[in-house]
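None of the figures in this text is laboratory data; all of them are computed from the coordinates on show. Computed from a predicted model, the values in this text were never measured in an experiment. Cβ placement follows ideal geometry from the backbone for every residue including glycine, while neighbour counts extend to all protein chains displayed.
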């Protein structure tokens, strides 16, 4: 029997990586804009019936509006919770299948879809003083020191050079990545801001804008749910597996700002915010 600790820290398999990168979005509880608008319209109609009954002193409309509004609120909570639960079950089932699938001895003639990708991982539990960011083979690539109650994170490479500072002006939680990503993040080299991460308001899937470089002509990415996009093209993904957060991104897109994005995630604060 395998040691649970070994199972937790073992290398991600090719099947698990493919599932996390390509299949997670298909198994997500994606709440569409149309669904939100329909639900909002029903709430408005119920509230209008209640208001009409109240101001016209019509007990029938007041009763109908109260029951309808209360029913719609309860229905919404149950329906959206059920969608999230079913999405989580689908994700777990898909990963369980990938986990039980043996690795092929060789795959000849098939291109590697991750040949031009970098894969970095860090523990979801960041600890009080810091953590390490490693590659797929477990080699330490960066060390992150946590300061000022998590609002500042200083990143050094494995040799202790190339300092990057991640500054979190406000620890207000966003909905991006399940609340793990702060609403605002700044990435600095010295005193110069070289990257910014901001959540943008949207009625659909959570969206964060990532700018690497100057505001005027820097590289721009968007984080939609777990996917990293440059324009409309998927260039990477962030996902959780066995209590670790992974950044799986094209080598050409990997820069100091995306490394800062990985370091800024806070699983502990996200869980606290949900309580």
Theoretical gain in end-to-end length, residue 116 to residue 198 [0.36 nm per residue, Cα-Cα removed]: 26.8 nm
Assertion target for 180, 72, ordered by fewest C-beta neighbours within 10 angstrom first, is 72, 180
Once you put a point 7 Å from the Cα of residue 135 and another 7 Å from the Cα of residue 58, both along the Cβ direction, what distance in nm separates them? 7.2 nm
On a full-extension model of 0.36 nm per residue, what is the gain between residue 40 and residue 189, subtracting their alpha-carbon distance, rounded to one decimal in nm? 49.2 nm
Under a point spin-label approximation (7 Å from Cα along Cα-to-Cβ), what is the residue 143-residue 216 distance to one decimal in nm? 3.9 nm
Per 0.36 nm of contour for each residue apart, how much would the distance between residue 77 and residue 162 grow if the chain were fully extended, relative to their Cα-Cα spacing? 25.9 nm
Cβ-Cβ FRET estimate between residue 85 and residue 252, R0 fixed at 35 Å, reported to 0.05: 0.40
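Kindly put 165, 66, 60, 257 in sequence by how many other C-beta atoms sit within 10 Å of each C-beta, fewest to most. Before the final figure, lay out each step's value.
Details: 165 19, 66 15, 60 9, 257 24.
Exposure proxy ranking, most exposed first: 60, 66, 165, 257.
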